[in-house]
Amino acid sequence: MSKINEKRPASYRDLLYKALIFIGTVLVIVYFLPRDGKFNYQFDINKPWKYGQLIATFDFPIYKTDEVVKKEQDSILKNFQPYYTLNSQTELTAINKLRHQYGNITTDNIGNRRYLTYIERMLKEIYQNGIMDTEELMHLKKDSTYEIRIVDQKMAYSQKLSKILSVKQAYQTLIGHDTLHFDPNILRQYQLNDYLEPNLTFDSLRTESAKKEILENYSWAKGIVLSGQKIIDRGEIVSPQTYNILKSLEKESEKRNQTIGQRRLMWVGQALYVCIFMLCFMLYLDLFRKDYYERKGSLSLLFALVMVYCVVTALMVSNNLFNVYMLPYAMLPIIIRVFLDSRTAFLTHVVTILICSICLRYPHEFILLQIAAGLTAIFSLRELSQRSQLFRTALFVILTYVALYFAFEMITEDDITKINIRMYIYFIINGILLLFTYPLLFLLEKTFGFTSNVTLVELSNINTPLLRRMSETVPGTFQHSMQVANLAAEAANRIGAKSQLVRTGALYHDIGKMENPAFFTENQRGGINPHKNLNYEQSAQVVISHVTDGVKLAEKNNLPKVIKDFITTHHGKGKTKYFYISWKNEHPGQEPDEALFTYPGPNPFTKEQAVLMMADSVEAASRSLPEYTETTIGNLVDKIIDSQVQEGYFSQCPITFKDIATVKEVFKEKLKTIYHTRISYPELKK
C-alpha cells in the first residue's frame, strides 16, 4: 500500500509537469502569432486560377486600383487650397518697432519723414498680402499650388500664391518698388530686415479637415459583387478585371478580420491549431520516447526549439523583417539528431513547420520546401564529428531548396525569364546560416546538459592532458583502455548503439587507477605485488576505490556526465571476485561483509554502458588465457558474458538477447584477430 501511495505523487508531479510545459509553450507561441487577416490565394494577371471554384460569400464592392484612385484624387485636389493662419500681431510689432527707432527723425543724412512713411506703407501692404517661410513657399510652387486660403481671425479668404512673398522677396520689394522717388541706397540704411518676419503659418488641422471633406464624396468603388456570385473557376485565366475583383475581395476580407469579434475567433482558432499539433507531439513522446520525460534536459531542448522557431517566424512575418526562407529551419532537426534521435528530429521538424506555416500567406510551398530540406539534413548528417560534415549538409540543403523551388516555378511559370532570382539568394543565405549550427551546439550542450559527438571526438584525442598523463602514469591500464575502446566501438556499431560514445567512455573508464597504479596487475613491474602486505578486505577496497577516484578525477577535469556514468557502471554492483573468493576459501562456513567486496555501482542503464562492461571484463580476462585458440576464446567470451547476464547486470538497460549474441560474435572475431598466431620465419643456413 505504501508503494502505491509513493507512486501517486510522482505520477501527479509528472502529469503537472507535462501540463505546465504544454500550456506554457502553446501560450507563448499563440501570443506572438500574427492576427491580421490573410487571403490565402496566390494569383497573378494572365495566369490560370490554381484553386477550385470561388464563390462570393458576402456582398463587397469592386475597389478601384491604386493607380486609378491616385489619378482621380490628384485631379480633384489639383485646385485644393491649403489653409494658412495670418498673424496680425507680426505686422503691428514691426510697425511699432520702426516708429520707436526712427520716430524722432525729421531731417538728417539718411533721409526724412517721407522715407519712413513709404516704408511703413509698404510694410502694411506686404504683411497684408502675407510673408511665408522660404522653404514652404518653394514647396507650394513646386506642387503647382495656385491659391491658398488665409485665415484672419474668424474670416478666411483666398490669396494668389504670386502675391505671397518670402522674407528675401519682401526685402527686395521694399528696396526696388519705387526707385524713381526713393533711393535704394538710403533705404538699405534703415535695417529693413529687422522689420520683416513670416506672418503666415500652415494650419494642418483646417487643411486636413478640408481635404477630408472633399474626399468624403469620392467613390472608391466602381461596382459591386453580390453574395453567391461566381468570381472565377479552376483553370480560368485571371484577367485584369477579375484580378481587380480578387484584390477587392482580399481587401474586404482583411477589413472584416480586423473586428474585435473576428480577432477573438482567430485567437481561439490559432490556440486550437497549436494545441492539436503540440498534443500530437507529446503523445508521440509518451508512446515512443517516454525516457525524454525523465530527462528534463531533453524535454526542455525539444520544446525550446519549437517555441523559438515559431516565435522568430511570427516576429519576422508580423514586422516584415527579411524573408522567412532565410531562416535555417533545417538547423532544428540537425540539433535534435545530434543530441537525441532521427525519428524525434523529423517529427519535431514537421510539427514546427506546420505551426509556422499559419503565419504565411502561401503556406503550401513553404511546408513542402522545409520538410524536404529537413529530411535532407537528417539523412546527410547521421553523426556530427567534423566541421566538413556540416558544410556538406549545408550544400545538400541548398541544392534541395533550389531544385524543389525550380520545379515549382517550372510548373507555374510559362516563361523561364520570370524566375525569381531573389528566392535563390535567400536559399544560399539559409545554407550559410546553417553553418552556425557548429558553434551553437557548444552553447546547447552547456545549457541543456548534452554531449555531442564533436565533444566526444575531442575528448577521445589521446593528446588531451588527462589521457596523456594516463599513458605515462599507468601505461598498462592505458593499453587495456585502448583495446576495450576498439572492442566496444565495433560491437556498438553492430547493434546500432553510439560507437563514438562507447569509444570515449572506454578511454576514461579506468582513469581512477592513476591514483594507485601499482595495485593493478597490468601496471606492476618486476613481479612486485603490494597486495601481499594487505588483507583481502583492504585489497578489495583499494581496487574498488578506482571507481570513486575516477569520478573525482572526471569532476576535476570537467568531463561530461555521460563519461562519468561509464566510470561508475563499468563494474556495476559486481564484486571483486578474486579477493571475495579468496576470502571465502580461507574462511569456510563464514560469510564476509559483502559491502567490503562490492563496487558502488549502479549497474548499466544504457546499451553503451552494457557493451563497455562486457568489453572490459572480456579484454581483462583474455590476457590470462594459457593459449589462444578459437575454442578457448569462444568459451571465455561466453562464460563471462553469460555470467553477467545471470547476475542481472543488464536488467535495467534496453539491450536484447539478440544484441548480446551479436556482441559475443564481435568479441570472438576481434580477439582471434588480436591474438592470432604468427608464423615463425626460417633462418638463413650458412
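The values are calculated or read from the model by the stated rules, or taken from the named source; none is laboratory data. These numbers come from a predicted model, not from an experiment. Backbone-built Cβ (ideal geometry, glycine too); neighbour counts: all protein chains shown.
Data for the structure
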| item | result |
| --- | --- |
| Pair list, Cβ < 7 Å and 6+ apart or interchain, from segment 337-360 residues that are in contact (Cβ under 8 Å) with a residue 24 or more places away in the chain and surrounded by fewer than 24 Cβ atoms within 10 Å (Cβ to Cβ) to residues that are among the aromatic types (Phe, Trp, Tyr) and part of a helix (DSSP H, G or I) | LEU347/PHE281; LEU347/TYR284; VAL351/PHE277; VAL351/PHE281; LEU354/PHE277; ILE358/TYR273; LEU360/PHE366 |
| Residues satisfying the stated conditions in segment 297-312, i.e. touching a helix residue (DSSP H, G or I) at 6+ places or on another chain (Cβ under 7 Å) and surrounded by fewer than 18 Cβ atoms within 10 Å (Cβ to Cβ) | GLY297, SER300, VAL311 |
| Filtered residues of segment 465-478 (kept if more than 18 Å from LYS556 (Cα to Cα) and surrounded by fewer than 19 Cβ atoms within 10 Å (Cβ to Cβ)) | SER471, GLU472, PRO475, GLY476 |
| Within segment 43-71, considering residues that are of a type in the set (S, T, N, Q) and touching a Ser or Thr at 6+ places or on another chain (Cβ under 9 Å), the one farthest from ASN217 (Cα to Cα) | ASN46 |
| Positions within segment 24-72 being in a loop (DSSP other than H, G, I, E, B), modelled with pLDDT of 75 or more and surrounded by fewer than 15 Cβ atoms within 10 Å (Cβ to Cβ), in sequence order | ASP44, ILE45, ASN46, LYS47, GLN53, THR57, PHE58, ASP59, THR65 |
| Subset tally (residues that are hydrophobic (A, V, I, L, M, F, W, C) and closer than 18 Å to LYS575 by Cβ) for segment 611-641 | 7 |
| Options ILE462, ILE429, ILE495: the member that is surrounded by fewer than 20 Cβ atoms within 10 Å (Cβ to Cβ), β-branched (Val, Ile, Thr) and at pLDDT 90 or above | ILE429 |
| Near pairs, Cβ below 9 angstrom, 6+ apart or cross-chain, from segment 200-213 (farther than 20 Å from LYS163 by Cβ) to any residue that is in a helix (DSSP H, G or I) and not basic (Lys, Arg) | LYS211/LEU77 |
| Scan of segment 635-660 for residues that are assigned to a loop (DSSP other than H, G, I, E, B) and surrounded by 17 or more Cβ atoms within 10 Å (Cβ to Cβ), ordered by number | TYR649, PHE650, CYS653, ILE655 |
| Every residue from segment 126-162 that is surrounded by 13 or more Cβ atoms within 10 Å (Cβ to Cβ), under 26 Å from PHE182 (Cβ atoms) and over 60 Å from the mean Cα position of the chain (by Cα) | ILE126, TYR127, GLN128, ASN129, GLY130 |
| Test: GLN89 is surrounded by fewer than 12 Cβ atoms within 10 Å (Cβ to Cβ) and over 23 Å from GLU208 (Cα atoms) | yes |
| Residue satisfying condition, being assigned by TED's automatic domain parsing to the domain that holds ASN461, farther than 23 Å from ALA610 by Cα and of a type in the set (A, V, I, L, M), within set ILE544, ILE495, ILE528, ILE511 | ILE528 |
| LYS686 of a type in the set (Lys, Arg) and either surrounded by 13 or more Cβ atoms within 10 Å (Cβ to Cβ) or at pLDDT 85 or above (or both) | no |
| Condition met for LEU315 (out of contact with any helix residue (DSSP H, G or I) (no Cβ under 6 Å at 6 or more places or on another chain) and in contact (Cβ under 8 Å) with a residue 12 or more places away in the chain) | yes |
| Some residue of segment 128-144 being more than 30 Å from ALA221 (Cα to Cα), in a helix (DSSP H, G or I) and in contact with an Asp or Glu (Cβ under 9 Å, 6 or more places away or on another chain) | yes |
| Boolean, GLU537 is touching a residue at least 12 places away in the same chain (Cβ under 8 Å) and within 51 Å of the chain's Cα centre (by Cα) | no |
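Residue-by-condition table, conditions (1) among the aromatic types (Phe, Trp, Tyr); (2) more than 22 Å from LYS163 (Cβ to Cβ); (3) at pLDDT 75 or above; (4) under 60 Å from the mean Cα position of the chain (by Cα):
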site: THR90; (1), (2), (3), (4): no, no, yes, no
site: THR93; (1), (2), (3), (4): no, no, yes, no
site: THR106; (1), (2), (3), (4): no, yes, no, no
site: ASN109; (1), (2), (3), (4): no, yes, no, no
site: ARG113; (1), (2), (3), (4): no, yes, yes, no
site: LEU116; (1), (2), (3), (4): no, yes, yes, no
